[in-house]
Every structure is written in C-alpha cells, then in structure tokens.
Amino acid sequence: MKVVVCIKRVPDTETHIRISETGTDIDTRGVKYIISPYDEFAIEAGLRVKENMEGGEVSLLTVGASEAQETLRNGLAMGADKATLLRADSYMDGLGTAKALAVELKNSNAQLILFGVKAAGSDQQQVGPMVATLLDLPCVTGVSSFKFGDTVVICRREIEGRVEVVEADLPAVLTITKGEYEPRYASLKGIMAAKRKPLEEREASFNQSGIRIEKLSQPPTRGAGRILEDGPDAVPELVRLLREEANAL
Amino acid sequence: MADVLAFVEQRDGQIGGGAREVVSAAAQLASGIGGSATALVLGGPGLAAAVEGLATAGATSVAVGEHEALAEYNPEAYLRVVVNHVRDGDFKALILSATSLGKDLAPRVAAELDVPLASDVTGMDAQGVVPLFIRPVYSGKAFARVSIDANLAIITIRPNVFPVGEYGAECHLSKFTPDVDPATWRVRVIERKDTVEGVVDVSEAAVVISGGRGMKDPANWGLLQELRDVIGPDAALGASRAVVDAGWRPHAEQVGQTGKTVSPKLYIAVGISGAIQHLAGMRTSQTIVAVNRDPDAPILSMADYGIVGDLFEVLPRMTEEIKALKSED
Ligand SMILES: Cc1cc2nc3c(=O)[nH]c(=O)nc-3n(C[C@H](O)[C@H](O)[C@H](O)COP(=O)(O)OP(=O)(O)OC[C@H]3O[C@@H](n4cnc5c(N)ncnc54)[C@H](O)[C@@H]3O)c2cc1C
Ligand SMILES: Nc1ncnc2c1ncn2[C@@H]1O[C@H](COP(=O)(O)O)[C@@H](O)[C@H]1O
C-alpha cells in the first residue's frame, strides 16, 4: 500500500519563544527544530502499515524552507522510503499550505494520506481535512488507531466523552493523534541509510495567504500568584479568594 | 449586509453552553461590522424546540435543519448543508466552536468555499477598520493577532473563553429539511460508546481538577472525585501525562501538548509539577490553582493561587470547605 505522510518542521516544543524585531514572527536564533510531535505519530502509523502489508511504500512530504531537508532526513531515518520538499520561503496560512500539498498529492496514487492532528506552533488543526476536501477524499480526524477492511480503513477516535469507530472508503486521509503509535527512534543503521534515500526538492505552488499575522506578542502575563504556605490551614482563605476575588466558585 | 453566521452544535438533541458562546461571539463581531448574528443548527426531527436560549445569547434569527440522518454528526452530510446555507445567504463571517466537531467541520467548509480559517480564536477586536482575531500559537507561548483577507472570514473559538451576552429575546425561527443521502457517505460511524456518562468532558468543563504523579496511586483518585462532586456537574477530572502513561487514568483525560487543550474558568492542578508540555494545555485557563508540596514546583509560578502542602491533607479540606460554601448558597 502506498502511504504518504505530511510532516512539518517546527521549533522544539521545549524552546523558549521570543518575538523577532519585526513583531510578526518568532526570533529563530538558537532555535532547535524537530518533526512536529503528532507528525511523528503519523510516520510511525505509516511505517506500521508498510510492515504489516507486503509491497508498501511510505513517502514523506513537507512544505517549507530548504532547512526542512534535515527534518525529512530524520523521518527517512525512522524508516520512510523517500521524501519530497516543496520549497516555500514565506509564511503560508493553513489553506495555502493545504493547496500546495494537494497539488502534489493529486497524482500520487496514495491509498492513505496521513497527517498529524495538529502542527505544534501553528496549532491550527486544519491542514489535513482541508487537503482531503480539496482532493475530494474521505477524511477522519483525531484517529488514535486504525486497521484495514477490504476497501475501507476502520478508525478509532476519542472525542468529548465518547469513543467512536469510524469507517472510511479508501483512498482516505487520516489525521493522527496520540494513541497506539509511540514513535520509534531512528537506529544508527537507519540514519546511515537515510543519507542515500531519494529526497527531491521543488518549488511549492504558492498561493496568496488570506490570513495575515499583524502582530505576535508574548502571552499576557499573569499577575504574580498568591502562594499560601500553610498547607491545609490555608484552605479556608483559598476558598474565600476563589469565591470573592476570582469569582471562580 | 454584514451578517455573521454562528454554527451551533447540538448533542443528543440538546444545545449546550458552548452554543451560546458561539452565538454571542457572532453578535459581538456583527455589532463591530454593522450586521446581525444568525444561527444555524442541524439535527434530528424535533430539534427546533431546543433552540430557545439562542435568542438571548444574541441571535436575531435561527435556521434549524432537521433530518433523521443529521441527528449525529457526519462530516460529509454536515459539510454539504453548511456550505449550501452559506452560499444561499450573505454572510461576512462564520463562527464555530473549536470542539472536535468544529475542528473537523470548519476546515472542510473553508476549503470547499476557498477561504482561510483562523482556528481556536480566544479573543477579537471587532471595532477597528478590519476585525482582528487573537489566537494562541506555540501552545500558548505567544499570541498572534491576525486579520483575514477574504469575502468570508471563518473562525473557530476556543470553548469557555468568550462570554455569553444578554440580548433581547426577539428571534425569528425557521425550519428546513435538507437533502441528505446517507448512501453517498464515504465516512460512516459504525460504533459509538459513551465513556464518561453524564459527566462533562475535560475539554469543555467550566472547572477542571487534574491529578498528577503526586497522587501516588490510582486508588487515591476518590479524593479528586469527591472534590469534583462538590463543585458540581460543570466540573471534570483531568490528568498529567505521567499518570496517563502509567495507566492510572485514560488518555481522554490528559491535559497538555499531546493531550487536550483546556481553558476552564477554574483549573486546579494537584500533585502536578508543571512541565512545559503540561502548561501548554492549560495556560489560558482563567484562574489557576496549584496544590504542591514543593515550593519550587514550576506550576506554582503559573498559578494565581497556590497552596504549598501535602495534597492528602489539603484535598479533603478543600472538599469540606467548598461543600460548606455551596450549602450556604
Ligand atoms: C513530547 C512530549 C509531550 C508531552 N506531553 C505532555 C502532555 O500532554 N501532558 C502532560 O501533562 N505532560 C506531557 N509531557 C510530560 C511532561 O514533560 C512531564 O513529564 C509530566 O507532565 C509530569 O507529570 P506530573 O507533573 O504528574 O509528574 P511529576 O513531574 O513527577 O510531578 C509530580 C508533582 O507532585 C508533587 N507531589 C508529590 N507528592 C505530593 C504530595 N503528597 N502533595 C503535594 N504534592 C506532591 C511533586 O512536588 C511534583 O511537583 C510530555 C513530554 C514530552 C517530551
Ligand atoms: N508545511 C507543512 N508541510 C507539510 N505538512 C504540513 C505542513 N503544515 C501542516 N502540515 C500537516 O498538517 C497537520 C496539521 O497542521 P495544522 O493545521 O497547521 O495544525 C500537521 O500535523 C502536518 O501533518
């Protein structure tokens, strides 16, 4: 089965975020980049499909700056077979990204297209279902595990207060969340092999971004909290503050 | 006209509190751009009776699409009806709630209509020349103010953040029966199981009480449950990843980077150290309370109120005091 996994290069989630001088972007000096955590789950899910079926292929696809080659190599080191970078140097909103991906995916013959449920950083939760809609493919979001039927993929998703089992006709688009797919580490052998795997780079087809970041700022600071030191004896005071000052009870 | 459409979610034929937030956010935006707020609700037959509260939340009209096959959410069916409704109307904006349904539906609608989507908005400034929307990025470590250049602006709003307004009760109700053909669906729900019967989900609860490794043993969760029970039906239990990974609590309760993002009115972190990945999921909560015996735990520097002490002594006392407070009400 042919699987494509769309992944994004994002700042390490531990990174301290500073705002750049332009005020519309982050200061990237000293920032370490990683594969977005949910996209790692998606890669893992894709690799397991290949392992469980014969004749499978997992390719990775990203839209981003040339530096994203490194991100793709990391995914190849986990075990993917090949990768494509659609180069775009400026900011794209979710729809712009989805369109660039859709152009590439249209003729890919993929049976399964996997996404992370959301990209760390942009935190949009939108690119996957947008791509599916642009390609007119069935799509299930927030999938924690899946298996195959004859012509369908059967997905488990956990939503507010319930678990659903959802069946989608193939080919299909899934967005993967934390669940069964704890990502594997790249082995040394994998890292060596990744250097020789095919990695193509092309210009992304670029669309004007409809969403403009006017200003990026630090989160509003919370006033210094009130810390009560007396253990259980502080509880009556806490409860009073919660009711009278915070209006929270 | 510069009308704003609020897509209102029903569950089991009931309209939840989040629905009123969406309608009030639509009214807030509409007043900024000189129009009015109207709502669209889709569900099974008989739904029209449930939409009463939407008028006082700010809707001047409500369209109710009733069809047996719309009682439960199906992405393909809902997409068609919403897109047709938007095309038939004259709307400047569409607002949905950033619930799992909203996060599933909104991007599909945006792509189908070829307009961008601002997800998970927590604030807006509708008074300027162009409305600005505020959304947390980098898991809340920064806030972006964005403008949307399109003939229709689509946004999803984070639950529990937008206030519900008080408006006049004048509201026009219309019913319609959409064309729905389940035989064409390529995505089908084949099984549904409630996991937290009768209790609200952590992502929507007004109060979240989360336990971490400091709770020591899953058997001690009774202490958190008792506290939840005295706070009331709007309260839900959450958990840190450490206790989810240990198998003490289900993943559905995990708050943080790889769990749920919550913004309750009150977040109580018990025996949680406050790792950056945990903070990512709860830092936009309105009021944060932490109980931790370590005065240097990072969660205490994020908290509005903190108690330094042993949770096994503090929790029962909290339950007792809040119970006493509630019984006076
Ligand atoms: C990629 C990635 C994603 C992650 N995603 C998440 C996520 O989504 N959510 C999440 O929560 N974590 C996440 N983590 C894990 C995170 O880094 C922490 O390991 C985790 O949050 C710690 O859980 P904890 O606070 O319960 O445990 P600990 O860090 O062990 O903290 C326990 C706390 O309990 C206190 N305590 C102990 N006994 C008592 C007592 N008797 N009374 C009072 N206080 C007491 C201690 O002082 C301590 O502060 C992620 C990590 C990574 C690398
Ligand atoms: N620039 C990109 N290149 C490739 N895939 C992406 C890109 N941006 C987002 N995605 C995919 O879409 C998912 C959701 O991203 P988002 O909608 O931005 O939260 C991510 O987890 C990726 O799988």
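Read-outs throughout are calculated quantities, based only on the coordinates presented, and are distinct from any laboratory measurement. Predicted, not measured: the structure shown is a model, and the values here were computed from it. Cβ sites come from the backbone with ideal geometry, for glycine too, and all protein chains shown count toward neighbours.
Here are some pairs, A:K178/B:K216; B:K103/B:K216; A:K197/B:K103; B:K103/B:K193; A:K106/B:K193; A:K189/B:K216; which of them have Cα atoms lying more than 30 Å apart in this structure?
Where the Cα-Cα span goes over 30 Å, the pairs concerned are B:K103/B:K216; A:K197/B:K103; A:K106/B:K193; A:K189/B:K216.
Residue by residue through A:217-226, how many Cβ atoms from other chains fall within 10 Å of the Cβ on average?
5
Put +1 on the Cβ of each Lys and Arg and -1 on the Cβ of each Asp and Glu in the protein assembly as shown; which of B:G65, B:V82, A:I17 then has its Cα farthest toward the positive end of the dipole?
It is A:I17, whose Cα lies furthest towards the positive end.
Starting from the 7 Å offset along Cα-to-Cβ, what nm value, one decimal, do you get for the label separation of B:D229 and A:E21?
Here the answer is 6.1 nm between the modelled labels.
Give the angle, between 0 and 90 degrees and rounded to the nearest 10, that separates the Cα long axis of helix B:311-328 from the longest principal axis of the Cα atoms of chain B.
Value to nearest ten degrees: 60.
Pick from B:D114, B:D201, B:D181 the residue whose mean-square fluctuation is largest in a GNM of chain B, springs joining Cα atoms under 10 Å.
B:D181
Need one value for B:141-153: mean number of C-beta atoms belonging to other chains within 10 Å of its residues' C-beta atoms.
Average per residue, whole number: 6.
Rounded to the nearest 20 debye, what is the charge dipole size of the protein assembly as shown about its Cα centre when +1 sits on each Lys and Arg Cβ and -1 on each Asp and Glu Cβ?
So the dipole magnitude of the protein assembly as shown works out to roughly 1560 debye.
Tell me, rounded to the nearest percent, the portion of alpha carbon pairs in the range B:3-184 spaced more than 31 Å apart.
10
Per-residue HN-Hα couplings for the range A:100-110, Karplus 6.51 cos²θ - 1.76 cosθ + 1.60 at θ = phi - 60°, whole Hz, x for Gly and Pro?
Result, rounded to whole Hz: 4, 5, 5, 4, 6, 7, 3, 9, 7, 6, 6.
So if I take the centroid of the Cα atoms in the range B:254-306 and the same for the range A:110-143, what is the distance between those two points in Å?
Comparing the Cα centres of the range B:254-306 and the range A:110-143, I get a distance of 29 Å.
Excluding A:R184 itself, what net charge comes from residues whose Cβ is under 11 Å from its Cβ, given Lys and Arg +1 and Asp and Glu -1?
-3
Restricting attention to the range B:188-284, which GluC sites (Glu not before Pro) occupy a DSSP loop and are surrounded by at most 13 other Cβ atoms within 10 Å?
Those that pass, being in a loop and sparsely packed, are B:E197.
For chain A, just run the numbers: alpha carbon Rg, then divide by 2.2 N^0.38 Å, N being how many residues it has.
1.19
If you build a Gaussian network model of chain B, linking Cα atoms that sit under 10 Å apart, which residue out of B:V22, B:V244, B:V207 swings the most?
Result for chain B, Cα springs under 10 Å: B:V244 fluctuates most.
Quick check on chain B: of the DSSP beta bridges with both residues there, what percent are antiparallel, nearest 5%?
15
Counting alpha carbon pairs within less than 8 Å and at least 6 residues apart, what relative contact order, in whole percent, applies to the range A:2-203?
26
Report relative contact order for the range B:1-153 in percent, whole number only (criteria: Cα-Cα under 8 Å, sequence separation at least 6).
The normalised contact order for the range B:1-153 reaches 23 percent.
Going by average Cβ density within 10 Å per residue, which order do the peptides B:116-126, A:177-187 take, highest to lowest?
The peptides rank, most packed first, as B:116-126, A:177-187.
Using only atoms on other chains, find how many Cβ atoms lie within 10 Å of each Cβ of peptide B:112-118 and report the average.
Across B:112-118, the average partner-chain Cβ count within 10 Å equals 6.
Using the charge dipole of the range B:166-271 (Lys, Arg: +1 at Cβ; Asp, Glu: -1 at Cβ; taken about the Cα centre), state which of B:S174, B:H251, B:I190 has its Cα farthest towards the positive end.
The one lying farthest along the dipole's positive direction is B:H251.
In whole angstrom, how far apart do the alpha carbon centroids of the range B:168-217 and the range A:218-249 sit?
32
Residues with amide H under 5 Å of B:A236's amide H, sequence separation 5 or more or different chain, H placed in the peptide plane at 1.01 Å from N; which?
Amide H neighbours of B:A236, under 5 Å, 5+ apart: B:V207, B:V208, B:I209.
Just how large is the dipole of the range A:184-242 about the Cα centre, in debye to the nearest 20, putting +1 at every Lys and Arg Cβ and -1 at every Asp and Glu Cβ?
620
With labels modelled as points extended 7 Å from the Cα through the Cβ direction, what inter-label distance (nm, one decimal) is found for B:Q286 paired with A:E67?
4.0
Assuming 0.36 nm per residue, please report the length gained on full extension of the stretch A:M53 to A:K32 beyond their Cα-Cα distance.
4.0 nm
Please label the shape of chain B as rounded, prolate or oblate, based on the square roots a ≥ b ≥ c of the eigenvalues of the alpha-carbon gyration tensor (a/c under 1.5 means rounded; beyond that, a/b larger than b/c means prolate, else oblate).
Taking the square roots of the gyration eigenvalues as a ≥ b ≥ c, chain B is prolate.
From the phi angles alone, apply the Karplus equation (6.51, -1.76, 1.60; θ = phi - 60°) to the range B:284-297 and give each ³J(HN,Hα) in whole Hz, x where the residue is Gly or Pro.
3J(HN,Hα) across the range B:284-297, in whole Hz: 8, 4, 5, 10, 10, 10, 10, 10, 7, 8, 9, x, 9, 4.
How much length is gained if the chain between B:I190 and B:Q14 is pulled fully straight, taking 0.36 nm per residue apart and subtracting their Cα-Cα distance, in nm to one decimal?
Extra length from B:I190 to B:Q14 when fully extended: 61.1 nm.
Rounded to the nearest 5, what % of DSSP beta bridges with both residues in the protein assembly as shown are antiparallel?
DSSP beta bridges in the protein assembly as shown are roughly 35 percent antiparallel.
Using θ = phi - 60° and the Karplus relation 6.51 cos²θ - 1.76 cosθ + 1.60, list the HN-Hα couplings for the range B:230-245 in order, rounded to whole Hz, with x at every Gly or Pro.
6, 6, x, x, 7, 9, 9, 8, x, 8, 7, 5, 4, 7, 6, 4
FRET efficiency for A:S205 and A:Y91, Cβ-Cβ distance as r, R0 = 25 Å, nearest 0.05?
Result of the calculation: an efficiency of 0.95.
Where does each of B:V130, B:V115 land when they are ranked from fewest to most other beta-carbon atoms within 10 angstrom?
B:V130, B:V115
Angle between the Cα long axis of helix B:75-88 and the longest principal axis of chain B, 0 to 90 degrees, nearest 10?
Rounded to the nearest ten degrees, it is 50.
Helix B:17-33 sits at what angle to the longest principal axis of chain B, using alpha carbons and giving 0 to 90 degrees rounded to 10?
With both axes taken from Cα atoms, the answer is about 60 degrees.
Mean-square fluctuation check for chain A, GNM, Cα pairs under 10 Å: which of A:I159, A:I34, A:I17 is largest?
A:I159
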